[in-house]
Amino acid sequence: QVQLVESGGGLVQPGGSLRLSCAASGSIFSINAMGWYRQAPGKERELVATISSVGTTNYADSVKGRFTISRDNAKKMAYLQMNSLKPEDTAVYFCNGVIRQSATMRTLEVWGQGTLVTVSS
């Protein structure tokens, strides 16, 4: 079984920074694209940023210039550095990965359980 576990969420004041981490574990042969999504109260889940296996990144317009996605393939980790946070960034942030399992060689889309980020004074 493959899991993604997020960490690093919390309460931060407007203008502050947080760094989210996502750890992949289990029977993993390879990890393709990874991404961060978020869901604010009463809203649909939306894309924040994605990163390919070779480091190509893509960002939502609302976070460009403020957020940076990165990954460490050796550690099976993904990160989201969030700077200049705004109240509208408040949401549950989910890690997503396209992962090939070792045992079956099947490729699955896996989601983490989410971590809450609250931006408020």
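The values are calculated or read from the model by the stated rules, or taken from the named source; none is laboratory data. Nothing here was measured: the structure is a model prediction, and the numbers come from that model. Backbone-built Cβ (ideal geometry, glycine too); neighbour counts: all protein chains shown. Side chains included, ligands, DNA and RNA excluded: accessible areas come from the protein's heavy atoms. Shrake-Rupley method; radii C 1.70, N 1.55, O 1.52, S 1.80 Å.
Relative contact order of the chain, please, whole-number percent, based on alpha carbon pairs below 8 angstrom and at least 6 residues apart. Each step should come with its number before you reach the end.
Values: 308 pairs, mean separation 44.6, N = 121.
Answer for the chain is 37 percent.
Separation between the residue 57 and residue 109 pseudo-spin-labels, each 7 Å from Cα along Cα→Cβ, expressed in nm?
2.3
How much accessible area per residue does the chain have, in Å², with a 1.4 Å probe? Can you show the working numbers first?
Values: 6340 Å² over 121 residues.
Ligands and nucleic acids excluded, the figure is 52 Å² per residue.
How would the stretch 1-80 be classified by its alpha-carbon gyration tensor: rounded, prolate or oblate, with rounded meaning a/c under 1.5 and the a/b versus b/c comparison settling the rest?
On the way: a/c = 1.72, a/b = 1.53, b/c = 1.13.
In terms of gyration-tensor shape, prolate.
At a 1.4 Å probe radius, carbon and sulfur cover how many percent of the accessible area of the chain? All intermediate terms of the calculation are to be shown ahead of the outcome.
On the way: 3070 of 6340 Å².
The C+S portion of the solvent-accessible surface of the chain is 48 percent.
Roughly what % antiparallel, to the nearest 5, for the DSSP beta bridges in the chain? Spell out each step's value before the answer.
Details: 43 of 46 bridges.
In the chain, DSSP labels about 95 percent of beta bridges as antiparallel.
Calculate the spin-label point distance for residue 75 paired with residue 39, positioning each point 7 Å from the Cα along the beta-carbon direction, and give it in nanometres.
2.8
Whole-Hz Karplus ³J(HN,Hα) for the stretch 96-104, in order, using 6.51 cos²θ - 1.76 cosθ + 1.60 and θ = phi - 60°, x for Gly and Pro?
Result, rounded to whole Hz: 9, x, 9, 10, 9, 6, 5, 5, 10.
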